[in-house]
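Shown next, in structure tokens, is the structure this report addresses.
The values are calculated or read from the model by the stated rules, or taken from the named source; none is laboratory data. Not measured: the values here are computed from a predicted model. Keep in mind that these areas ignore ligands, DNA and RNA; they rest on the heavy atoms of the full protein, side chains included. Shrake-Rupley method; radii C 1.70, N 1.55, O 1.52, S 1.80 Å.
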Amino acid sequence: ISEAVLRTWPGTGEFMPDQFAHLAAVSERPNVRLGVVPARVPASPPLPVPPHGFTLYYDKAVTVETFTRMLTLTRLDEVAAYAGIFDALGGAAAYGEDARVMVRRAADEFRQVWHSIH
């Protein structure tokens, strides 16, 4: 996930503390690898960040979330393009304790803002 996602509050934001706690807990599971791509990533060339979400299903398919629908792409060249983007983003991501630190920092910042507006 991108660090920006940690600072995007769906709805009123009242569920964000639970979301942060869930991310931290899930990141401790042995079968989960949570990566957080920092907001400031020195990369050359710049990381190819698509303006939409996507889910990669190995080398078989990718689902792309647009504003109006979800697309399922299965052409090998299209799946390979998204696999390349996923690999580039994964290479820039923080994992393990470094990712949990980013989640905790975003949670702390959220609490500060939340208390100042409520």
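In the context of the full set of protein chains, region 1-81 has a per residue accessible area of 75 Å² (1.4 Å probe). Label region 52-118 by shape, choosing from rounded, prolate and oblate, from the square roots a ≥ b ≥ c of the eigenvalues of the Cα gyration tensor; if a/c is under 1.5 it is rounded, and otherwise prolate applies when a/b is larger than b/c, oblate when it is not. Taking the square roots of the gyration eigenvalues as a ≥ b ≥ c, region 52-118 is oblate.
With all protein chains in place and a 1.4 Å probe, the accessible surface of the chain carries 59 percent carbon and sulfur.
Shape class for region 1-72, computed from the alpha carbon gyration tensor (a ≥ b ≥ c): rounded, with a/c under 1.5.
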